[in-house]
């Protein structure tokens, strides 16, 4: 067995942050191609379909960006907590409860001027998501209960709670399905086709809406928070070296709670996209796994907004392009794309370090040779 | 003449710039208890780690029973009959004694007859040496003394003929120490060879038949224990090297500003580490705490700086009570009151090695103006300030954006020191300011501390380097086993006197 020891300080940033993720991604796609081949379809054709489905026509591209929006929120959520070395697996539940926040604010305050309703609804989503993350955070900081365990549990609790509310408390009583009434149309967030309508372009329906801009703003917000404020500084200090943080008078308890609440709040913003932007009501199970996929997005994006944007976009492409493939290729089912996602998570998350030492030492050696030559 | 069971010739080992072992020669005879004594950082543990295959020597040879061997890993050493009991035990807490002992050597012994056989063998071993251990007990239920026995048993079961014990009594109660010594003596009677690494002179005199003394990476003497005395060993240990005296003005002692009354402090394992300590520091004075590592200095400094809870007693700063068992000010509040702290372990506490240098230069002061205004870090100010202090303190390379772990130990220490001294603290707590720091930086750091003293700061300096204590302090106290065992004015004290106090002899 050989152990490759790489002097980390000599590895250029683009090797560990660009080359390694790309290699992992390529491997995941190659293995996926193998699956497609075994299923009896042509992998090259499948790739063409993915590209056409996600870029080929305006509506498809709008769908891609709609998915990207959700992945940005949940990816950022995971990343913020991770900077404090907390694994927030609870994005799914926090998003679910965040949706409740959006709906309750919007339906009860719909008499206010529309932009104010939007702002308050965004605030409500953040607050509810944060509140749902607060409990595991508190348990971690005061009782040492590991957030990985508690946030997973809280996903289940959120799901049960929402089902209860949707069945017994806030259901639209005019029908049987577990969803609420629709919000009044005046306060829906403007959709992409409404914008393009103003410009005189007529396109078919897509779920892309103004929330996309909120997601972009969130990327800036997280970058600013983590690297430019003293709160981010303290969170990172606690994450990197708790002992040293205590020495400097930085409270680990406080920062665990702040990091988790901001994380939960960001996950909650998914509710803005889904409820204020797309379905305008709460439906059972609307977070639909975005919370979990966000973990992979954050891992691929190396927990930095600059990485999370392309990673979220990639998953958007896979979601949208994937549905195109399943539509055109009868042998490929929807679950095939769940498997493809799984492979990406496997290669860029779990097997992240599979090739890293080899790749890094390869570049370090090459670059050193150049320097010496 | 029979060749010695273990013979080391010209062993050299360096870590970066620091040479931990220089041309070490050592002969250990079969069936003896051989002591290796020296101050902290003298290179004892490094040497024994080389013998146990944890480190590889840069040069030199190791012979066992006259045969040269190549030790690449602990496994090689175990095969050659060398066993080691570390300061920190390597046991799986939720396994039983038996499971821990066969771990890694289980082969086919996990089930059935073979396991039964292993158990019988172990029971025989226990009986021979009076171990008195229940093989089915879970490790987490055992006291420290028993855990140590499990480690010894583990080595014996693997066929150890030479048993190395690294500071075995550091964690034991006096009764447990007696029991351990009994076991070691019976091992010797059965023909095993024992190497005892320690800095406690009493143990050497009690137990060993031969002793080797190390100082600053070199072997300075071998002798039969009966031909020597504690005093002589202490002298060899501390050495009579010329002190690096620092230019120091006559003391201008001001009023007393920092006072500690009857302070007791416990460590994380709930063991009382600081016992009823009283001390007082005046402005313009450096009070040195001499002592071997692990005698309570760490916990004392942590309590004084607001990191560790006070068990009983209290601490006064400018006549105001800042800590007692009920409440204490956290480090940040203490900083605001003019108390700065250079922690003894810079990697663990003093800085965050993954942060950039400029981030570490404001660590603990990051929420003060001008470094941050209404929660937003002022990068321009921070960079300007970083450039300035890095120049002033000659931190190399002078690049505030470099990740801190890429700086050498000495330069990391300068980063911490510049940060803590920049605010002109009234009281400065300093632990091991020059550990792992090269000579050039040592002088620089010492000069800075003297400058602070001349400016009227009250400085508490804890160091295991006796030279450092002697060259910097105005007054010296010695800590042993959590207590202050002596206080001397620096004018009329010899290193020999201090050495004896540090070893708990006087």
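Nothing in this text is a laboratory measurement; each read-out follows from the coordinates by a stated rule. Please read these numbers as outputs of a predicted model, since none were measured by experiment. Here the Cβ is made from the backbone with ideal geometry for all residues, glycine too, and neighbour counts use every protein chain on show.
A few points about this structure:
- Gyration tensor verdict on the protein assembly as shown (Cα atoms; rounded if a/c is under 1.5, prolate if a/b is larger than b/c, oblate otherwise): prolate
- Contact order for chain B, expressed relative to its length and based on alpha carbon pairs under 8 Å spaced 6+ residues apart, stands at 15 percent.
- Counting Cβ atoms of other protein chains within 10 Å of each Cβ in B:354-360 and taking the mean gives 3.
- Estimated purely from DSSP H runs of n ≥ 4, each contributing -39500 (n - 2.57), the mean residue ellipticity at 222 nm for chain B is -9500 deg cm²/dmol once divided by its residues.
- Folded to 0 to 90 degrees: helix B:379-392 orientation relative to chain B principal axis, Cα: 70
- Using the Cβ-Cβ distance between residue A:350 and residue A:202 with R0 = 60 Å, the FRET efficiency computed as 1/(1 + (r/R0)^6) comes to roughly 0.85.
- Within the listed set A:195, A:87, A:73, the residue fluctuating most in the Gaussian network model of chain A (springs between alpha-carbon atoms under 10 angstrom) is A:195.
- When chain A is treated as a Gaussian network with alpha carbon springs shorter than 10 Å, the biggest mean-square fluctuation among A:27, A:351, A:199 belongs to A:199.
- DSSP-defined antiparallel bridges as percent of all bridges, chain B, nearest 5: 55
- By the helix-only formula, in which each DSSP H run with n ≥ 4 contributes -39500 (n - 2.57) and the sum is divided by residues, chain A has a 222 nm mean residue ellipticity of -21500 deg cm²/dmol.
- Relative contact order (percent, whole number), region A:74-302, Cα cutoff 8 Å, 6+ residue spacing: 43
- Taking a point 7 Å from the Cα of residue B:186 along the Cα-to-Cβ direction, the residues of region B:120-147 with backbone N closer than 15 Å to it are B:122-135, B:146.
- Region B:285-347-region A:26-92 distance, computed between alpha-carbon centres (Å): 53
- Each of residue B:220 and residue B:398 was given a label point 7 Å from its Cα along the Cα-to-Cβ line. The distance between the two points is 3.9 nm.
- Region A:267-355: C-alpha gyration tensor shape, a/c 1.5 cut-off, then a/b vs b/c: oblate
- Euclidean distance of C-alpha centroids, region A:115-180 and region B:370-412, integer Å: 43
- Site pair residue B:88 and residue A:362 shows an inter-label distance of 3.6 nm when each label is modelled 7 Å from Cα along Cα→Cβ.
- Only beta bridges with both residues in the protein assembly as shown are counted; by DSSP, about 55 percent of them are antiparallel.
- Prolate/oblate/rounded call for region A:219-261, Cα gyration tensor, a/c under 1.5 rounded: prolate
- Whole-Å distance, taken between Cα centres, linking region A:248-293 and region B:36-62: 54
- Residue-span extension gain [residue B:256 to residue B:354] - 0.36 nm each, minus C-alpha spacing: 31.3 nm
- Taking every alpha-carbon pair under 8 Å whose residues sit at least 6 apart, region A:49-121 reaches a relative contact order of 15 percent.
- Fraction of beta bridges assigned by DSSP in region B:256-502 that are antiparallel (%, nearest 5): 60
- Computed from the Cβ-Cβ distance with R0 of 22 Å, the FRET efficiency linking residue B:378 to residue B:423 stands at 0.85.
- Put a dot 7 Å past the Cα of residue B:114, heading toward its Cβ, do the same for residue B:23, and the two dots end up 5.0 nm apart.
- Note on chain A: with a GNM built from Cα contacts shorter than 10 Å, the maximum mean-square fluctuation among A:205, A:67, A:52 falls on A:205.
- Angle in degrees between helix B:144-157 and the longest Cα principal axis of chain B, rounded to the nearest 10: 40
- The long axis of helix B:112-129 is offset from the longest Cα principal axis of chain B by roughly 80 degrees.
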